[in-house]
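Worksheet: the structure to be examined is printed underneath.
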Amino acid sequence: MSERLIRALQKGGMAAQIGTDRWGIWRSRDRRTRQIGVMTGAEIDILRIRGWVQPLGDEAPPVLVCGPSLLEKPLAAPSAKRLKQDQRAQSEPLIERMLERCPDRALRQLICETAQHYRADVTCASRLGTVAGMNWDGLALGGRIDGGHGRKSPNGSIAASLAQSRLTIIHSELGSERICFLDRLILGEETQSSLARRFGVRSSLVEGQALAAIRALHQVYKTRVKLPG
């Protein structure tokens, strides 16, 4: 992943789909200017799941621009040293590694959108002060979740209550052990080795468990809860 291209997005550029699983990068939001590079669909999905890019309106083909989280934090794209396979496996969040290695666009979309829905629900529900059924003991989220107490509005309280209701259903359907795994995979952004140690499984089996957990979460969202909008 190119720091130069991410920096261009930070400074007001855009990413636009230019082909199958290929995204062009521009320094501005005018496609008549020169395209400065290309990112793969997997790289774009990693930026999506980090909350670094978001859609610009309903353009077709899709256009993505820098999201608030990228504007608020220093550049953190992988260095050339970190791009080595062995180092990446040790330091990269497993969910990003899954996206990076997945050639199936539909599966990447499922992983990315399911994780985004879950993270958004936890963030929204946290504005009520509690997240029903969630296991937060020892979960160090740092600044990854933008929840907390702010000025409440009637619409915000309703949205938070609905998000909490969805999470209660999800917890009931999936159980506390799988929820704990999902919290650390999606919210805690833990690595493969960290998850293996925490849950006492072989490292080689963790990615399969992660995919199964995300598929189960996707199924609950698809069949048991109604997403906003």
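Here the gap between E100 and R31, fully extended at 0.36 nm per residue and compared with their Cα-Cα distance, gives a gain of 22.2 nm. Mean separation of Cα pairs under 8 Å and 6 or more residues apart, divided by the residue count, gives segment 1-65 a relative contact order of 30 percent.
Calculated FRET efficiency, V201 to S176, Cβ-Cβ distance, R0 = 22 Å: about 0.85 to the nearest 0.05.
Whenever you get a sec, line up D58, D45, D104 from highest to lowest accessible area (probe 1.4 Å, protein heavy atoms).
Result, largest first: D58, D104, D45.
The label-point distance for S157 and K226, in a model that sets each label 7 Å from Cα toward Cβ, rounds to 2.2 nm. Would you mind checking segment 24-58 for residues with the amide N under 12 Å from a putative spin-label position 7 Å along Cα→C-beta of K11? It comes to 27-28, nothing else.
The values are calculated or read from the model by the stated rules, or taken from the named source; none is laboratory data. No experiment lies behind these values; they were computed from the predicted model shown. Every residue, glycine among them, receives a Cβ derived from its backbone with ideal geometry; neighbour counts consider all protein chains shown. These accessible areas exclude ligands, DNA and RNA; they are computed on the full protein's heavy atoms, side chains included. Shrake-Rupley method; radii C 1.70, N 1.55, O 1.52, S 1.80 Å.
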